[in-house]
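See structure below.
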Amino acid sequence: MTKVEKHMFGLDEAAMAYALVAEKLFEPDGSFISSQSAVVPLFVSMLFQSLEITIKHAGIESGLFTLEEARRRGNRSGHGVEELARLAVERLGGDPFHPVIMAMTFANRDSHSYDVIKAMICGDQMKKTRESYASRRLGYGEIREGDFALIYPLADWIASVKHTVMSLPKTIEALSQWKSSASNSKHFAIWLDEGNFL
């Protein structure tokens, strides 16, 4: 019988940690990031790392997939946010990518979260950024001009990612309800029990 090692931090805590570090790099007014160009790819990488871990945690905790399935699916390195979101949608029987993005952002405090998270997961403007992140070139700064993009305003981008992590319990509940529902609907929240989210 093998002993399972307990991690010091959960995936939800790791996702929040990356978002908080990105937020600290930006504070108080973004001047540090704007004056230190080498930091910008790392800042972007942290936001993508936070989102990747958020998707993994939500998918695992709601029973959509296992950690091993997530590692196999997320492009060869296991770090593709688009691939992980697609896996979740396939397991739900929804239409890419709206259902998962809605489940992840419906409880967020800011109105722009849906658009920001959608851009990160499947938006054309972030395609090269996703590829650079998934290959780990972004984290190592092994990039060329045009290999990544930013979402402005940066403060809103940070807030959207952070609020998506903060909403993880509601995301997990929504995905769990959806997964266990007998409905064949491909749209989000047809059977959502609103009483659980007040």
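Annotation: aspartates and glutamates with alpha-carbon distance below 17 angstrom to K24 (same-chain offsets under eight excluded): E13, D156. Bridging of K179 to aspartates and glutamates at a Cα separation below 15 Å is possible for E61, E90, D95, D193, once same-chain residues fewer than 8 apart are set aside. Within the chain, helices built from complete DSSP H runs that reach 15 Å or longer along their own axis (Cα positions) and carry a mean Kyte-Doolittle hydropathy of 0.5 or higher are 11-26, 39-61, 154-166. For the chain, a crude dipole built from +1 on the beta carbon of Lys and Arg and -1 on the beta carbon of Asp and Glu, taken about the Cα centre, is about 560 debye to the nearest 20. What's the longest bit of the chain with no exposed chymotrypsin sites (Phe, Trp or Tyr not before Pro), using DSSP loop states and at most 15 other Cβ atoms within 10 Å as the test? The longest uninterrupted stretch comes out as 10-190. Only one of the listed values, (i) 16.6; (ii) 17.8; (iii) 17.2, was derived from the coordinates as Kirkwood radius over Cα pairs in Å; which label is it? Among (i) 16.6; (ii) 17.8; (iii) 17.2, the one derived from this structure is (iii). Based on DSSP loop calls and a cut-off of at most 16 other Cβ atoms within 10 Å, the longest stretch of the chain free of exposed GluC sites (Glu not before Pro) is what? Free of exposed loop sites, the longest segment is 6-141.
FYI, it's all coordinate maths here, none of it is from the lab. This is a predicted model, so every value here is computed, not measured. Heads up, the Cβs are rebuilt from the backbone with ideal geometry, glycines too, and the neighbour counts pull from every protein chain shown.
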